[in-house]
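The values are calculated or read from the model by the stated rules, or taken from the named source; none is laboratory data. Everything quoted here is computed from the prediction, not taken from an experiment. With ideal geometry, Cβ positions are generated from the backbone for all residues, glycine too; neighbour counts draw on all protein chains shown. Remember, those area values only see protein heavy atoms, side chains included, never the ligands or the DNA or RNA. Shrake-Rupley method; radii C 1.70, N 1.55, O 1.52, S 1.80 Å.
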Amino acid sequence: MPVFKEGEAVEPVVRALTAAVTVPHEILVVYDFDEDPTVPVIERLARELPAVRGLRNDLGRGVLNAMKAGIAESHGPYVLISMADGSDEAHVVDPMVALAVGGADVVSASRYMRGGRQIGGPPLKRLMSRTAGLTLHWFAGVPTHDPTNNFKLYSRRFLESVTIESTAGFELALELTVKATIAGRPIAEVPTTWRDRTAGQSNFKLRKWLPHYLHWYRVAFASRLGRRGR
């Protein structure tokens, strides 16, 4: 769980995960610098909740490096990335784990499959995300309806088989989903309701990150066209 100046707002999110997830787990809350106001909150929660641990990101500031640091430091056979803003539904984590145990290398919490939905958020971002997800699913052969959602679970065997090339931020989820699709890895999904954050400010930078999303969008379609041409 990458955080940046979440402060007290992170507590209900961590507690919700702890209460909802019944499989053995650890929760790594990854921060960029020791002065982040989230750090004392995590230290307090860690004294009460044995599964919670703070982790300083020493790879370089930013959400991408925070996610990479968390992946590298985690120890379980499956790695879940979840946001600290309360937008992700904790109760779908156990079903995601069950699909991974059943063989899926990527399990996506999907806003755009039957039973999923999205509440709130900037209209343009919502439109672009939904359009990208559904066109990748229907026309590029990506098995999930929601490849851009970062609320995903990955098997460690898959993560150890790929090199992360993302350089900006949240395009990581799309990169890993596209690479899993190209490699023929099993991908599954569960419906989820995504809710826009009600506290703090979003760290999503659409204009900065859009070219990086478009790169992996093109890679997915190029691979599909290449397979058809064989």
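Miscellaneous remarks
- Within the same chain, lysines fewer than 8 places from Lys125 are excluded, and of the rest, those with a Cα less than 24 Å from its Cα are Lys5, Lys152, Lys179, Lys205, Lys208.
- Bridges between two residues of the stretch 25-172, per DSSP, are antiparallel at a rate of about 60%.
- Per residue, the chain reaches -13000 deg cm²/dmol at 222 nm when only DSSP H runs of four or more residues are counted, each adding -39500 (n - 2.57).
- The chain: relative contact order as a whole-number percent, Cα under 8 Å and 6+ apart: 23
- Near Pro95: Cβ cut-off under 14 Å, other residues only, Lys/Arg at +1 and Asp/Glu at -1. The net charge is -3.
- Simple rule: put +1 on each Lys or Arg Cβ and -1 on each Asp or Glu Cβ in the stretch 1-141, find the dipole, and look at Gly54, Ala20, Tyr31; the Cα lying farthest toward the positive end is Ala20.
- Taking the chain as a Gaussian network of alpha-carbon nodes connected by springs under 10 Å, the highest mean-square fluctuation of the residues Glu175, Glu73, Glu11 belongs to Glu73.
- Choice from Ser82, Ser161, Ser74 showing the highest fluctuation, given a GNM over the chain with Cα pairs closer than 10 Å: Ser161
- Solvent exposure of the stretch 1-130, expressed per residue, is 47 Å² of accessible area, with all protein chains present and a 1.4 angstrom probe.
- Loop-located GluC sites (Glu not before Pro) in the stretch 13-68 whose Cβ has at most 15 other Cβ within 10 Å (DSSP): Glu26, Glu35
- With 10 Å bins from 0: P(r) over the chain, alpha-carbon pairs, percent: 8, 34, 39, 16, 3, 0
- Comparing Ala46, Ala69, Ala220 in a Gaussian network model of the chain (Cα springs below 10 Å), the most mobile by mean-square fluctuation is Ala46.
- Surface composition of the stretch 1-108: carbon plus sulfur atoms hold 57% of the accessible area, using a 1.4 angstrom probe and ignoring ligands, DNA and RNA.
- Backbone amide hydrogens, once placed in the peptide plane, bring Arg195 within less than 5 Å of Ile119, excluding anything fewer than 5 places away on its chain.
- Contact order, relative form, for the stretch 10-89: 34 percent (alpha carbon pairs under 8 Å, 6 or more residues apart, mean separation divided by residue count).
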